[in-house]
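See structure below.
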Amino acid sequence: DETQHPVRLTQPFYLARHETTVGQFRAFVERTQYVTDGERNGGGHAHDELAVWQHRPGTNWRRPGYAGPFSLADHHPVVHVSHTDAGAYCRWLNESGVDSVRYSLPTEAEWEWACRAGAATRFWWGDAVDGSGKVANVGDAKLREVHPKWPREVMPMNDGHAFPAPVGSYRANAFCLHDMLGNVWEFCSTRFGKY
């Protein structure tokens, strides 16, 4: 649903191999006593078994509120964090003095370049939608098994994950980055709008 256009990246950048994990985010929260927007606002949005997206009291990064069986573990990607929460996490990483890297959310152009990993095709693995269940966690037969009345289209394969999979569960792209498509939504620093 996007029209490709040329963008020139003028600065090198690094990107983490995986999404930020629950364990990584927990370390930030415990060391800073940070309270996320979802915790302050009494919950966040989540889908029910019929794909209705609405506010669900008590839903936050500690309790993702999936409408089905799910055991959250430290190796899962953190969800139900806001853009503000993600920015606070990046600032904490910068202030921690662990290394000389400056942490921030990628721009949309940086994210696109990293996601495509140099490919000119629709996806980093080619033009066809993945049918293997090995490159992206998307709605598939496992989701349909958990939610038989799910009204949206699902892929025929079954990757074993109706909800987010542990980070790095799927094949990496040519830049050794995992889960650039599927699994969870990701933030960029670029404001959404027309070019």
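The values are calculated or read from the model by the stated rules, or taken from the named source; none is laboratory data. Keep in mind that what you see is a predicted model, and the values were worked out from it rather than measured. As a convention, Cβ positions derive from the backbone with ideal geometry for all residues, glycine included, and neighbour counts pool all protein chains shown. Protein only, heavy atoms only, side chains kept; ligands, DNA and RNA dropped before computing areas. Shrake-Rupley method; radii C 1.70, N 1.55, O 1.52, S 1.80 Å.
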- Note on the structure: With DSSP loop assignment and no more than 11 other C-beta atoms within 10 Å, the chymotrypsin sites (Phe, Trp or Tyr not before Pro) in the range 131-185 are Trp185
- Message: Using the Karplus curve 6.51 cos²θ - 1.76 cosθ + 1.60 with θ = phi - 60°, what ³J(HN,Hα) values do you get for each residue of the range 20-37, in whole Hz, with x for Gly and Pro?
- Response: 5, 8, 4, x, 5, 5, 4, 4, 4, 4, 5, 7, 10, 6, 5, 10, 6, 4
- 3J(HN,Hα) from dihedral phi, the range 180-193, Karplus parametrisation 6.51/-1.76/1.60, rounded to Hz, x for glycine, proline: 5, 10, x, 6, 9, 6, 10, 8, 10, 7, 6, 5, 6, x
- Item | Options Gly23, Gln4, His55, ranked by Cα towards positive dipole end of the range 1-65, top entry (Cβ charges) | Gly23
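Would you please calculate the Kirkwood hydrodynamic radius of the range 78-125 over all C-alpha pairs and express it in Å, rounded to one decimal? Mind dumping the intermediate values first?
Details: mean 1/r = 0.0784 Å⁻¹.
Here the Kirkwood hydrodynamic radius works out to 12.8 Å.
For the chain, what does -39500 (n - 2.57) per DSSP helix run (n ≥ 4), summed and divided by total residues, give at 222 nm, in deg cm²/dmol to the nearest 500?
Values: 5 runs with 43 residues, N = 195.
-6000 deg cm²/dmol, from helical runs alone.
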- Report the relative contact order of the range 29-80, percent, no decimals, based on alpha-carbon pairs under 8 angstrom and at least 6 residues apart. 29
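Which of rounded, prolate or oblate describes the range 132-195 when judged by the alpha-carbon gyration tensor and an a/c cut-off of 1.5? Before the final figure, lay out the partial values.
Working: a/c = 2.48, a/b = 1.38, b/c = 1.79.
Since a/c reaches 1.5 but b/c is at least a/b, the shape of the range 132-195 is classed as oblate.
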- Query: Solvent-accessible area per residue for the range 38-195 at a 1.4 Å probe radius, Å²?
  - Reply: 58
- Task: Just need the relative contact order of the chain here, percent rounded to a whole number, with Cα pairs under 8 Å and 6+ apart.
- Result: 22
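Quick check: at a probe of 1.4 Å, how many percent of the accessible area of the range 54-177 sits on carbon and sulfur atoms? Present the calculation step by step, with values, prior to reporting the outcome.
Working: 3660 of 6670 Å².
That fraction is 55 percent.
Report the per residue volume, in Å³, of the convex hull enclosing the C-alpha atoms of the chain.
Values: hull volume 27.0 nm³, N = 195.
Dividing the Cα hull volume of the chain by its residues yields 139 Å³.
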- Task: For Gly44, enumerate residues with amide H under 5 Å from its amide H, sequence gap 5+ or separate chain, H modeled in the peptide plane.
- Result: Arg56, Gly58, Thr59
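Of the peptides 57-67, 147-157, how do they stack up when ordered by the mean number of other Cβ atoms within 10 Å, highest first?
On the way: 57-67: 17.6, 147-157: 12.6.
By packing density, highest mean first, the sequence is 57-67, 147-157.
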- Task: For the range 66-83, just list the computed ³J(HN,Hα) in residue order, Karplus coefficients 6.51, -1.76 and 1.60, θ = phi - 60°, integers in Hz, with x standing in for Gly and Pro.
- Result: 5, 7, x, x, 7, 10, 5, 10, 4, 8, 7, x, 6, 10, 6, 10, 8, 4
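Sort 107-116, 125-134 by the packing proxy (mean of other Cβ within 10 Å over each peptide's residues), most packed first. It would help to have the intermediate numbers written out before the result.
On the way: 107-116: 17.4, 125-134: 13.3.
Put in order of decreasing packing, that is 107-116, 125-134.
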- Item | Built amide H within the under 5 Å cut-off of Val184, gap 5+ | none
- Only Cα pairs under 8 Å and at least 6 apart count here; give the relative contact order of the range 98-195 as a rounded whole percent. 33
